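None of the figures in this text is laboratory data; all of them are computed from the coordinates on show. Predicted model only: the values in this text are computed from it and were never measured. With ideal geometry, Cβ positions are generated from the backbone for all residues, glycine too; neighbour counts draw on all protein chains shown.
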Amino acid sequence: MNPIKAGGGDISRDSPGSPTSDAGDDLKDTPAGRVDPREVGAGTRDGRSLGARMSRISSGPSGLLDDANRAIIEALQRDGRLPYGAIADEVGLSEAAVRRRVQRLREAGVMQIVGVTDPLQLGFHRQAMVGVRVEGDVRLVAEKLSELEEVDYVVMCAGSFDLLVEVVCEDDDALFRLLNDSVRSVPGVRSTESFVYLKLAKQTYSWGTR
């Protein structure tokens, strides 16, 4: 129910990069003897020339989703702790180029690097999805609910509810206080319906890229 959550080593040493294509940087950082238009970007199983592959940057609102970045994202979806060097070997770029690409993807909001935890083992014994019906501007209500500390997911949707809001609480009393004192007091909230989680059957972030 959450955005892409992936990791890949320490990003703190990265310097901000240009939002343009990384193709030139990838070639610059590739060791001598390794620059081969047929091999750069290995792992994408794409037989096109380097220039043709690197020009595929039109997909996605950020304009960053070329084949190499897609391969990097998919590698991190499989293992968020994968080192940059291992990713570089997989996609056929230098480690420095991968580091810069990950930094730019993070800055553009394409992906986050976080630790996904089990709320139950951290002392949060009640997790629920709350359907919210709204009067007035749904966006304003979504903004207010997003500010609540217990809320970890808010989506505007079609159907019988205007908003779906996932909450994580310590226990039933905390959930009741959240719903009664916080959620229902937000101007524009007409009604709510809570779906308390009993057991997690599946949670994955490995949906790849398109």
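Let's test the formula: R0 of 41 Å, r as the Cβ-Cβ distance of residue 133 and residue 209. What FRET efficiency results, to the nearest 0.05? Once the sixth-power term is evaluated, E becomes 0.75.
Each peptide in 198-210, 110-122, 93-105 receives the mean, over its residues, of other Cβ atoms within 10 Å, and ordering these scores from highest gives 93-105, 110-122, 198-210.
The ellipsoid that matches the Cα gyration tensor of the stretch 84-210 has semi-axes, each √(5λ) in whole angstrom, of 35, 19, 13, with the longest given first.
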